[in-house]
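Presented below is the structure to which this report refers.
The values are calculated or read from the model by the stated rules, or taken from the named source; none is laboratory data. Given the structure is predicted, the values throughout are model-derived calculations rather than measurements. All Cβ positions, glycine included, derive from the backbone under ideal geometry; neighbour counts span all protein chains shown. Side chains are part of the model used for accessible areas, which takes the heavy atoms of the whole protein and leaves out ligands, DNA and RNA. Shrake-Rupley method; radii C 1.70, N 1.55, O 1.52, S 1.80 Å.
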Amino acid sequence: MGKTRNGRGGISDHGATIRLFDAQQRQYVQLPPPASGPIVVRFTPREASGLHSVDDERGIVFVEVLCRLLTWKGYQVQPQEKPRRDGPGTADCPAAARGNSSCIDALSSDDDSRAYGEHDDLLCHVLVGPAQAGDPCRSMWHHHPQHSRPTPAMLSRNGLIEDFRFAMLAAGHYRRPRGFWCGGIHSGSCFGDARTTRRRFERLVQQAEPLPGTQTYAKAVEQMPASGPGRRYLTLVDEAISDDLHTTRALHALYAALRRGRLSNSERAVLAATAHLFTPLQATNTPS
């Protein structure tokens with residue numbers, strides 16, 4: 001099993017240490033290593049009807065990526081649902097009261113402690129910023145039904161759901177998102193770049209097939225040739241996404257490697273398999 005130097009100067013079998021910004025303490029926190037035990041990820045799930053807000057959907061997109069990242073880094077992940085909120089924010093994540101943000105709780109879990117009735121220890125409140133900039137739809141929707149507030153169900157009907165989800169990961173940091181206006185979401189005009197990049201990205205992955213099974217970072221390092229630029233690109237992707245879930249930087253590094261990197265076939269296949277961190281983009285799946 002390969003070892004790599006993490007973002008803080010240490011060396012780990014699981015790559016860079018994951019750090020996230022805690023919305024309650026307003027500071028960065030580092031997650032304990034995978035050997036410390038399972039991580040519980042508590043979040044508000046999607047509504048089956050698809051009539052929840054695009055802001056809620058953006059939160060779910062990032063909770064899925066967080067769960068995949070934790071699994072890739074060697075953690076045992078235990079998704080846990082929490083009730084839907086009546087309005088912006090939740091009682092246990094007060095910072096979420098600012099705007100239509102979503103709050104994801106990351107908790108450590110110890111089976112022995114839980115057997116004695118003790119609660120999981122909160123590690124971090126991950127606050128995901130809203131997808132929609134402003135709310136002109138909200139003021140017009142009674143008079144102009146075509147301008148009603150966009151929902152995932154509407155995105156799916158218009159064939160925009162995959163573009164929307166990719167745009168959420170590629171167009172801005174989860175805490176400082178690029179906002180999309182209502183009209184652009186309805187028409188899909190604001191997702192043109194995301195659509196083009198997503199399709200190119202998918203073609204690059206397909207061209208690298210057959211892909212190896214690299215469900216974990218350790219497995220990816222093990223299958224990556226020791227010489228060549230592949231490991232450097234893998235480290236760039238790992239450090240980016242482990243550093244406060246920076247999907248924009250991680251996607252750029254992976255896309256650039258697959259498109260312009262001078263890679264061997266085996267290096268390209270391992271990096272293409274790493275794309276599972278950002279895909280699949282199915283509309284109905286929740287973390288498992």
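Suppose we keep only residues that are touching a helix residue (DSSP H, G or I) at 6+ places or on another chain (Cβ under 7 Å) and farther than 30 Å from GLY230 by Cα within the stretch 32-43. Which one would you say is modelled with the highest pLDDT?
VAL41
Find all pairs meeting these conditions: Cβ atoms under 8 angstrom apart; at least six residues apart or on different chains; first residue within the stretch 175-193 and touching a residue at least 40 places away in the same chain (Cβ under 8 Å); second residue polar (S, T, N, Q) and open to solvent by 30 Å² or more (accessible area, probe 1.4 Å).
If the second residue must be polar (S, T, N, Q) and open to solvent by 30 Å² or more (accessible area, probe 1.4 Å), the pairs left are GLY179/GLN132; PHE180/GLN132; TRP181/GLN132; CYS182/GLN132; GLY183/SER189; ILE185/GLN132; HIS186/GLN146; HIS186/ASN158.
Can you pull out every residue in the stretch 20-51 that is closer than 17 Å to GLN76 by Cα, within 16 Å of the chain's Cα centre (by Cα) and open to solvent by 20 Å² or more (accessible area, probe 1.4 Å)?
Scanning the stretch 20-51 gives a single hit, ARG42.
For the stretch 52-89, how many residues are open to solvent by 40 Å² or more (accessible area, probe 1.4 Å), farther than 17 Å from ALA153 by Cβ and either out of contact with any His (no Cβ under 9 Å at 6 or more places or on another chain) or modelled with pLDDT under 90 (or both)?
Summing the residues that are open to solvent by 40 Å² or more (accessible area, probe 1.4 Å), farther than 17 Å from ALA153 by Cβ and either out of contact with any His (no Cβ under 9 Å at 6 or more places or on another chain) or modelled with pLDDT under 90 (or both) in the stretch 52-89 gives 10.
Name the single residue, out of those in the stretch 235-251 being free of Cβ contacts under 8 Å to residues at least 24 places away in the same chain and either closer than 21 Å to ARG199 by Cα or open to solvent by 10 Å² or more (accessible area, probe 1.4 Å) (or both), that is farthest from the chain's Cα centre (by Cα).
In this case the residue turns out to be LEU236.
I need a count of the residues in the stretch 46-71 that are of a type in the set (S, T, N, Q) and part of a helix (DSSP H, G or I).
1
Quickly run through the stretch 2-31 and pick out the residues that are at pLDDT below 50 and on the phi > 0 side of the Ramachandran plot.
Within the stretch 2-31, GLY9 is the sole residue that qualifies.
Of the residues that make up the stretch 170-190, is at least one farther than 26 Å from ALA23 by Cβ, part of a loop (DSSP other than H, G, I, E, B) and open to solvent by less than 10 Å² (accessible area, probe 1.4 Å)?
The answer is yes; a qualifying residue exists.
Would you mind stating whether ARG195 is in contact with a helix residue (DSSP H, G or I) (Cβ under 7 Å, 6 or more places away or on another chain), open to solvent by less than 20 Å² (accessible area, probe 1.4 Å) and either under 14 Å from LEU251 (Cβ atoms) or at pLDDT 90 or above (or both)?
no
Only one of (1) touching a residue at least 60 places away in the same chain (Cβ under 8 Å); (2) in contact with a Lys or Arg (Cβ under 9 Å, 6 or more places away or on another chain); (3) polar (S, T, N, Q) fails for SER36. Which number is that?
Answer for SER36: the failing condition is (2).
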